[in-house]
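One structure is given here, and the rest of the page talks about it.
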Amino acid sequence: QVQLVESGGGLVQAGGSLRLSCAASGRTSSSVAMGWFRQAPGKEREVVAAISWRGGSTDYADSVKGRFTVSRDNAKNTVYLQMSSLKPEDTAGYYCTARRVRLMGVRPIDYPYWGQGTQVTVSS
């Protein structure tokens, strides 16, 4: 099992920045790819960013490319999502995910492990 705990969400004005963190524990000694998803009220859960087990490969939703950056520090078992130039449409619950394979996926079904989420609210 892999346990995930997100932090760093909050309220920010449009154009501002936030950094989300996700601390992983449990069976993290093997290769673990990780991702960030978000879900706004009334909308489906969507991938935001994903990163391979060593961080050599990343992927982003078109809506966040150039604004968000995913990274990881395996020594700390932590993955980050740096969000800049935030827009009101980025408002959502953000979820950290993990799967015990090297390469990341982009679908919710690709990830068996999920954090409880952290809320990001961007005011206009």
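The values are calculated or read from the model by the stated rules, or taken from the named source; none is laboratory data. Everything numeric in this text was worked out from a predicted model, so none of it was measured. Every residue, glycine among them, receives a Cβ derived from its backbone with ideal geometry; neighbour counts consider all protein chains shown. Keep in mind that these areas ignore ligands, DNA and RNA; they rest on the heavy atoms of the full protein, side chains included. Shrake-Rupley method; radii C 1.70, N 1.55, O 1.52, S 1.80 Å.
Restricting to the stretch 85-124, name every residue that is charged (D, E, K, R) and either open to solvent by 70 Å² or more (accessible area, probe 1.4 Å) or under 12 Å from the mean Cα position of the chain (by Cα) (or both).
87, 89, 100, 102, 107
In the stretch 49-62, is there at least one residue being outside any strand (DSSP E or B), open to solvent by 50 Å² or more (accessible area, probe 1.4 Å), under 16 Å from residue 17 (Cα atoms) and without any contact (Cβ under 8 Å) to a residue 40 or more places away in the chain?
No - not one qualifying residue is present in the stretch 49-62.
Among the residues of the stretch 26-36, are any touching a Cys at 6+ places or on another chain (Cβ under 8 Å), closer than 17 Å to residue 89 by Cα and modelled with pLDDT of 95 or more?
Yes: one or more hits.
Taking the condition of being without any contact (Cβ under 8 Å) to a residue 60 or more places away in the chain and surrounded by fewer than 21 Cβ atoms within 10 Å (Cβ to Cβ), how many residues in the stretch 69-84 meet it?
Total satisfying the criteria: 8.
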